[in-house]
Amino acid sequence: MDYNKIFEERIGQIHAEGRYRVFADLKRRCGAYPQADHFPQSGPQSNGGSRPVTVWCSNDYLGMSQHPAVRAAMHEAIDSVGAGSGGTRNISGTTHYHVELEHELAELHGKEAALLFTSAYIANDATLSTLVKLIPGLVIFSDEKNHASMIAGIRHGQGEKRIWRHNDIAHLEELLSEYPKDTPKIIAFESVYSMDGHIAPMKEICDLAVKYNAMTYLDEVHAVGMYGPRGGGIAEREGLMDRIDIINGTLAKGFGVMGGYIAATKACCDAIRSYSPGFIFTTSLAPAVAAGALASIRHLKVSEIERARTLKEKLLGCGLPVMDNPSHIVPVLVGDPVHCKTVTDLLLDQYGIYVQPINYPTVSKGTERIRLTPTPYHTNEHMDWLASALTNLWERCPVAQGTYVKLAAE
């Protein structure tokens with residue numbers, strides 16, 4: 001058996017479909033975000049040369065990874081306790097930084113408790129799969145556009161699931177009505193859907209949860225730090241935090257560091273802590289990471305200046321196919337994986353603009369796009385240059401009409 005040949009054939013298939021992913025070798029400039037150095041030829045044969053680029057696709061939405069308070073807190077933690085956490089939380093990996101951070105997150109979301117994980121992906125996977133084990137006969141009602149981590153957790157739980165059409169309240173109620181009221185249920189959904197920028201009809205979902213005796217499980221990953229008067233997410237902005245049973249969030253996007261968490265009742269968090277292998281057997285976050293996240297959350301609870309955005313209106317004014325949504329995410333539709341990769345390659349090579357193509361399986365085939373994430377540190381000049389570059393490329397490559405010009409050969 002030639003195992004390596006199998007790997008090569010699988011990779012070849014992705015190449016043939018035009019969706020092979022290439023990682024750009026970047027080194028961000030601390031204090032100069034969103035500027036970075038791009039190393040076009042990384043690896044052993046590289047001469048080490050780089051050129052400046054502007055990053056337009058980071059999930060560090062508010063640039064908090066660069067904030068002086070966050071960096072200072074991480075330095076202080078390293079100087080105080082060192083680099084690593086020492087192990088799993090159950091053995092030797094709980095530090096005072098973890099305890100403080102969980103208290104801060106619980107308070108942010110108006111919950112009794114919070115529980116830290118190494119990523120929001122792990123938090124979703126571990127929590128949802130464990131809930132199925134803890135609650136006999138549980139049925140999970142999942143929005144069809146939920147993140148891969150939520151899908152993984154639901155699958156790993158091996159319980160009954162029903163998929164409802166994206167943000168379709170009538171379809172959700174139709175599915176809920178098929179079960180007796182005393183059947184255990186969870187409605188799992190996101191607040192901001194990261195690839196389309198849609199926002200869930202949260203109040204209507206909460207109303208159905210009450211009507212059909214269901215728990216609510218909300219992924220606020222792309223909203224925490226961004227929305228609400230203290231950065232508590234869409235649930236805080238809409239005044240609905242008390243109607244959400246379990247909130248999943250990340251420390252890696254709006255808060256600019258890394259890690260994930262859930263916030264819920266003390267009993268719920270304790271049960272997940274005690275039963276979930278994804279929590280029990282994983283080394284905890286480094287103390288410096290927890291300290292940085294804690295500083296970021298505390299800052300954003302009292303500061304809203306980081307949340308201003310104007311890019312979407314500028315691109316719409318240029319006639320570009322921006323996918324309509326009410327959130328901070330700016331997806332620009334291309335609709336073909338090869339075209340999408342060509343556009344992003346040309347943005348990097350000719351304009352010094354870094355943005356990754358978004359292809360299947362992240363989005364459905366035929367909806368390939370570039371996904372722009374403006375931050376408070378993108379200046380008007382950055383936005384003007386991006387708009388000019390995209391307008392130029394769309395004039396040369398009118399993908400909406402299906403006439404593709406081989407730009408790379410020009």
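The values are calculated or read from the model by the stated rules, or taken from the named source; none is laboratory data. The shown structure was predicted, so the numbers you read here are calculated from the model rather than taken from an experiment. So basically every Cβ, Gly included, is an ideal-geometry build from the backbone, and we count neighbours across all protein chains shown. The protein model used for the area step is the full one, side chains on, heavy atoms only, and it has no ligands, DNA or RNA in it. Shrake-Rupley method; radii C 1.70, N 1.55, O 1.52, S 1.80 Å.
Scanning for something assigned to a loop (DSSP other than H, G, I, E, B), free of Cβ contacts under 8 Å to residues at least 24 places away in the same chain and open to solvent by 40 Å² or more (accessible area, probe 1.4 Å), does segment 238-251 turn up at least one residue? Break it down into steps so the answer makes sense when it comes.
Keep residues of segment 238-251 that are assigned to a loop (DSSP other than H, G, I, E, B), which gives 238-240, 244-245, 251.
Checking which are free of Cβ contacts under 8 Å to residues at least 24 places away in the same chain leaves us with 239.
When the remaining residues are screened for being open to solvent by 40 Å² or more (accessible area, probe 1.4 Å), the result is 239.
Yes, because at least one residue in segment 238-251 is assigned to a loop (DSSP other than H, G, I, E, B), free of Cβ contacts under 8 Å to residues at least 24 places away in the same chain and open to solvent by 40 Å² or more (accessible area, probe 1.4 Å).
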Margin query: Taking the condition of being touching a Lys or Arg at 6+ places or on another chain (Cβ under 8 Å) and more than 13 Å from residue 340 (Cβ to Cβ), how many residues in segment 358-383 meet it?
Written below: 3
Next item on the list: Residues being over 16 Å from residue 281 (Cβ atoms), in contact (Cβ under 8 Å) with a residue 24 or more places away in the chain and not in a loop (DSSP other than H, G, I, E, B): count how many of those fall in segment 81-106.
Entry: 9
Next item on the list: For residues that are part of a helix (DSSP H, G or I) and among the charged types (D, E, K, R), scanning just segment 299-343, find the one that is modelled with the lowest pLDDT.
Entry: 307
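From the list 183, 118, which residue is within 30 Å of residue 290 (Cβ to Cβ) and out of contact with any Asp or Glu (no Cβ under 7 Å at 6 or more places or on another chain)?
Details: 183 fails: within 30 Å of residue 290 (Cβ to Cβ).
Result of the check over 183, 118: 118.
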Note to self: Can you pull out every residue in segment 4-34 that is more than 27 Å from residue 365 (Cβ to Cβ), in contact with a helix residue (DSSP H, G or I) (Cβ under 9 Å, 6 or more places away or on another chain) and not basic (Lys, Arg)?
What the structure shows: 30, 31, 32, 33, 34
Checklist line | Answer residue from segment 344-380, given it is part of a helix (DSSP H, G or I) and within 19 Å of residue 51 (Cα to Cα) and is farthest from the chain's Cα centre (by Cα) among those | finding: 350
Notebook entry, point to check: With 334, 343, 330 as the choices, which residue is open to solvent by less than 40 Å² (accessible area, probe 1.4 Å), more than 24 Å from residue 146 (Cα to Cα) and in contact (Cβ under 8 Å) with a residue 40 or more places away in the chain?
Noted result: 343
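Hey, does segment 84-106 have a residue that's touching an Asp or Glu at 6+ places or on another chain (Cβ under 9 Å) and closer than 23 Å to residue 201 by Cα?
Pass one, segment 84-106, residues touching an Asp or Glu at 6+ places or on another chain (Cβ under 9 Å): 106.
Narrowing further to those that are closer than 23 Å to residue 201 by Cα: none.
Scanning segment 84-106 turns up no residue that is touching an Asp or Glu at 6+ places or on another chain (Cβ under 9 Å) and closer than 23 Å to residue 201 by Cα.
If I ask for residues that are part of a loop (DSSP other than H, G, I, E, B) and within 17 Å of residue 254 (Cα to Cα), which ones from segment 107-117 would you list?
Within segment 107-117, just 109 meets the criteria.
Being more than 20 Å from the chain's Cα centre (by Cα), in contact (Cβ under 8 Å) with a residue 40 or more places away in the chain and outside any helix (DSSP H, G or I) is the requirement here; does residue 285 meet it?
Values: more than 20 Å from the chain's Cα centre (by Cα): no; in contact (Cβ under 8 Å) with a residue 40 or more places away in the chain: yes; outside any helix (DSSP H, G or I): yes.
It is false that residue 285 is more than 20 Å from the chain's Cα centre (by Cα), in contact (Cβ under 8 Å) with a residue 40 or more places away in the chain and outside any helix (DSSP H, G or I).
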Notebook entry, point to check: When both residues are 6+ apart or on different chains and their Cβ atoms are under 7 Å apart, which pairs have a first residue that lies in segment 256-272 and is without any contact (Cβ under 8 Å) to a residue 40 or more places away in the chain, and a second that is crowded, with 21+ Cβ neighbours inside 10 Å?
Noted result: none
Check: If residue 387 satisfies every condition in (1) open to solvent by less than 70 Å² (accessible area, probe 1.4 Å); (2) farther than 21 Å from residue 24 by Cα; (3) modelled with pLDDT under 90 but one, which is the exception?
Finding: (3)
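Pick from segment 214-223 the residues that are assigned to a loop (DSSP other than H, G, I, E, B) and of a type outside the set (Asp, Glu): which of them is farthest from residue 252 (Cα to Cα)?
Residues of segment 214-223 assigned to a loop (DSSP other than H, G, I, E, B): 214, 220-223.
Narrowing the set further to residues that are of a type outside the set (Asp, Glu) leaves 214, 221-223.
Working: 214: 29, 221: 9, 222: 10, 223: 11 Å.
That would be 214.
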Check: Since residue 136 meets every condition but one in (1) touching a residue at least 12 places away in the same chain (Cβ under 8 Å); (2) in contact with a strand residue (DSSP E or B) (Cβ under 9 Å, 6 or more places away or on another chain), which condition does it not meet?
Finding: (2)
Margin query: Looking at (1) at pLDDT below 95; (2) touching a Pro at 6+ places or on another chain (Cβ under 8 Å), which one does residue 47 not meet, given that it meets all the others?
Written below: (2)
Note to self: Taking the criterion of being crowded, with 23+ Cβ neighbours inside 10 Å, assigned to a loop (DSSP other than H, G, I, E, B) and modelled with pLDDT of 95 or more, would at least one residue in segment 263-274 satisfy it?
What the structure shows: no
